[in-house]
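Chemist: The structure's right below; bear with me while I get my questions together.
The values are calculated or read from the model by the stated rules, or taken from the named source; none is laboratory data. Since this is a predicted model, take the numbers as computed values, not measurements. Cβ placement follows ideal geometry from the backbone for every residue including glycine, while neighbour counts extend to all protein chains displayed.
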């Protein structure tokens, strides 16, 4: 019988030669300080580094018996690294940390406490929620991160402030049974999306994202901000969360344009009718004649109005279909995950 839960700290690593020894030793010392509460292990996933990261990680594993190193022969990106870590973690809870320690080691205990004491499936370290803090992050990167999180946040149910962040804690039983496919950084929103489908309990704790030491020589890293790629990835994540919002929003916009044009045609037809001197026994005869005059004066209005009305109906129809398909996907994913879990 376990007297205390075990946590597995996963550290994805790619070309971290300059910081890996120092920061892993900081994490080891910290985990030893909370050993009365949690048993622990560290899982380093060397994601095809082409510097000395892998060799240094192996050296650390020989020094500390609770460190396991897993190597990818080539760089497979963050999604693959996390999936490798999840599959090999032995703990009751899994904590993902960034090796640069931009989130300090103290977040581990706080996330683990919330995970086990508040019966959560996912705990997110959130610098963007009330009580959170950001220090030293380059303005360009900070703005991009906040914008992406706000965009994605608007597309998901619930009140999650930090959707794209990597530093989180997971119940091992939960995350090991979630089918994940993303290879890049979009795995973090993907996890949230699928957790929502599975009705998982997701909570956030205030966190301090501190980049104040990232520009020093010993901490200089090779990662580059790929703005266009990140924006594209964020928008695609929103589309995956709620595709019908895009279609219905676009459809309603086109419908408003078409109704404005149709209203303009109708208004000018009605106002023209009293001015007509023709004799007509029925209202529709006079209306048709006035409509013909309006058409002769503005034929393009009829063309644009009719075309945009048909397009609006088509887009709205696609929106309703995507809503139905999304619901089918959610239910099938939920059922498939439940069956996969029950077979274990």
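Chemist: Would you check which residues across region 48-60 are assigned to a helix (DSSP H, G or I) and surrounded by 17 or more Cβ atoms within 10 Å (Cβ to Cβ) and list them?
Modeler: Those that are assigned to a helix (DSSP H, G or I) and surrounded by 17 or more Cβ atoms within 10 Å (Cβ to Cβ): 53, 54, 56, 57, 60.
Chemist: Among the listed residues 184, 165, 158, 213, identify the single one that is at pLDDT below 80 and either closer than 28 Å to residue 40 by Cα or not assigned by TED's automatic domain parsing to the domain that holds residue 118 (or both).
Modeler: Every option except 213 fails the conditions.
Chemist: Could you please tell me which pairs satisfy a Cβ distance under 7 Å, a separation of 6+ or placement on different chains, a first residue in region 124-135 that is touching a residue at least 60 places away in the same chain (Cβ under 8 Å), and a second residue that is loosely packed, with under 12 Cβ neighbours inside 10 Å?
Modeler: Qualifying pairs under 7 Å: 127/133; 135/212.
Chemist: Please go through region 8-27 and give me each residue that is more than 17 Å from residue 71 (Cα to Cα) and more than 30 Å from the chain's Cα centre (by Cα), ordered by number.
Modeler: Matches in region 8-27: 22, 25.
Chemist: Take residue 114 and tell me if it is assigned by TED's automatic domain parsing to the domain that holds residue 128, more than 17 Å from residue 188 (Cβ to Cβ) and part of a helix (DSSP H, G or I).
Modeler: In short, yes.
Chemist: If you don't mind, there's one more thing I want to ask. Which numbered condition in (1) within 30 Å of residue 325 (Cβ to Cβ); (2) surrounded by fewer than 12 Cβ atoms within 10 Å (Cβ to Cβ) is the only one that residue 257 fails?
Modeler: The failed condition is (2).
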